[in-house]
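The values are calculated or read from the model by the stated rules, or taken from the named source; none is laboratory data. Quick caveat, the model's predicted, so the values are computed rather than measured. Please note: Cβ atoms are built from the backbone with ideal geometry, for glycine as well, and neighbour counts cover all protein chains shown.
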Amino acid sequence: MKLFKIGLIIVFITAVVFIARGTSKSEVETIKIGYSVQEAICDAPLIVAYEKGFFKEKGLNVEMVPLKNGGEISQALSSNSLDYGALGMSSLLIPLSKMAPVKVIAPISLFSVDFFVHPNSIKTFSELEGKRIASRPGGSADFVVRYILKQEGVDLSKIKFIDVDRAFRPIALMERGMVDAVAAVSYDTTAFTKSGAVIMKEWEDKGYTNITSVDTSVAMNIAINTNYLKDHESATKRFMEAYIEGHQYMKNNKEESALIIANHTTKESDGAFTYTAEDVLKLWDRQKNIYRLWYEPETLLGLFNIAKDTSIIEYIPTVDEFYDQQFKDELKDNHRQLYE
């Protein structure tokens, strides 16, 4: 009888262990993250976390969903087709102002915007009136340039904005003389200068090429579908832990991280967009302090004010309406350790 009882206990313990292991496996969760391959440098910490397997270590099966631009990502987030999205803040202004089920959950990076012209042509802001500028309406670079031009007293109604996505090679349009200027995020600077374009003199003289403030930069963020967040608090916490590890790895392994970004971009775009590790490292050396784990959400209100002043949105949401701050302490502490 005693042996029988001992046998039962062993069977019971074995069953508990088996169930526990089964539960652990069932916790592996698939999540979808929308991003733009052509903006991989902006999303570098996220991509490094993905390629190094940090999400898998946290029990998350991440599916990186490549989309054309921030507009497509914000639409997919708002329609519950994505769980997370990596995109510029300008692409979130409209859905956030309309109270779509989306919130920002963490910053990724701040990239400055450059403004290119033909050599020996336009030198000042005032000369831009009557000219043609290639820029994707609603895109981050377009938003920044329109704001700066307005601040500089340029009459935007006297400029013809040519709707050209980066995928359609605005560099070629400049080379053929079909546009007079192009707004581009700073990670494209090398491609434009290689083609012979130059940064407009007054733009450079006034320091716009080096500004990385939330108002006048491409502010890349991670946004989350709030319906997903409500039902997946544990998975979201694990996601954020892996994301922070991506930043930490980049900081400590700069050269390998640059190679990861270069290879990911080439592979996932089927060669349509190519960066070498050297290109990435040169950008990082030229533009300091581009990656972020934290900035105060209140600073983003300036973007909403600009959007309202330019009739892009009608309502300015409160910070609590557009930003989920439940991970503020972890993000802030790690940002201080890594970037300050």
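Counting just the residues of segment 23-46 that are of a type in the set (A, V, I, L, M, F, W, C) and not in a helix (DSSP H, G or I), which one comes out surrounded by the fewest Cβ atoms within 10 Å (Cβ to Cβ)? Show your work before the answer.
Of segment 23-46, the ones of a type in the set (A, V, I, L, M, F, W, C) are 28, 31, 33, 37, 40-42, 44, 46.
After this cut, where a residue has to be not in a helix (DSSP H, G or I) as well, the list is 28, 31, 33, 40-42.
Working: V28: 12, I31: 19, I33: 22, A40: 25, I41: 25, C42: 26.
If we take residues in segment 23-46 being of a type in the set (A, V, I, L, M, F, W, C) and not in a helix (DSSP H, G or I), then V28 is surrounded by the fewest Cβ atoms within 10 Å (Cβ to Cβ).
Determine the pairs where a residue that is assigned to a loop (DSSP other than H, G, I, E, B), located within segment 286-300, has a partner that is buried (at least 18 other Cβ atoms within 10 Å of the Cβ) and charged (D, E, K, R) with Cβ atoms under 7 Å apart, the partner being 6 or more residues away or on another chain.
none
Has segment 47-55 got at least one residue that is farther than 23 Å from R292 by Cα and either modelled with pLDDT of 80 or more or part of a loop (DSSP other than H, G, I, E, B) (or both)? Talk me through it step by step, then tell me what you get.
Let us first name the residues in segment 47-55 that are farther than 23 Å from R292 by Cα, namely none.
Checked segment 47-55: no residue is farther than 23 Å from R292 by Cα and either modelled with pLDDT of 80 or more or part of a loop (DSSP other than H, G, I, E, B) (or both).
Given the conditions (1) touching a helix residue (DSSP H, G or I) at 6+ places or on another chain (Cβ under 9 Å); (2) at pLDDT 95 or above, and given that A76 satisfies all but one, which numbered condition is not satisfied?
(1)
Going through M89, M64 one at a time, which residue ends up being over 22 Å from V28 (Cα atoms), in the same structural domain as N289 (by TED's automatic domain parsing) and either touching a residue at least 24 places away in the same chain (Cβ under 8 Å) or over 20 Å from the mean Cα position of the chain (by Cα) (or both)?
Values: M64 fails: over 22 Å from V28 (Cα atoms).
Checking each option against the conditions leaves just M89.
So E321 fits all but one of (1) closer than 25 Å to T209 by Cα; (2) exposed (fewer than 14 other Cβ atoms within 10 Å of the Cβ); (3) touching a residue at least 40 places away in the same chain (Cβ under 8 Å); what number is the exception?
So the condition that E321 fails would be (1).
A277 fails exactly one of the following numbered conditions: (1) within 30 Å of L156 (Cβ to Cβ); (2) surrounded by 14 or more Cβ atoms within 10 Å (Cβ to Cβ); (3) free of Cβ contacts under 8 Å to residues at least 24 places away in the same chain; (4) not β-branched (V, I, T). What is the number of that condition?
Among (1) within 30 Å of L156 (Cβ to Cβ); (2) surrounded by 14 or more Cβ atoms within 10 Å (Cβ to Cβ); (3) free of Cβ contacts under 8 Å to residues at least 24 places away in the same chain; (4) not β-branched (V, I, T), A277 violates only (1).
Considering only helices (runs of 4 or more DSSP H) fully contained in segment 176-279, which possess at least 2 residues that are β-branched (V, I, T), touching a strand residue (DSSP E or B) at 6+ places or on another chain (Cβ under 9 Å) and modelled with pLDDT of 90 or more?
Details: elements: 189-194, 201-205, 226-231, 233-252, 254-268.
Answer list for segment 176-279: 233-252.
For segment 285-296, name all the residues that are modelled with pLDDT of 90 or more and buried (at least 17 other Cβ atoms within 10 Å of the Cβ).
In the first step, residues of segment 285-296 are kept if they are modelled with pLDDT of 90 or more; the result is 290-296.
If the condition is that a residue be modelled with pLDDT of 90 or more and buried (at least 17 other Cβ atoms within 10 Å of the Cβ), then I290, Y291, R292, L293, W294, Y295 are the ones that fit.
Can you name the number of the only condition in (1) touching a Gly at 6+ places or on another chain (Cβ under 8 Å); (2) at pLDDT below 95 that F115 fails?
So F115 meets the others, but not (1).
What are the residues in segment 174-193 that are of a type in the set (S, T, N, Q) and crowded, with 18+ Cβ neighbours inside 10 Å, if any?
Pass one, segment 174-193, residues of a type in the set (S, T, N, Q): 186, 189-190, 193.
Result: S186, T189.
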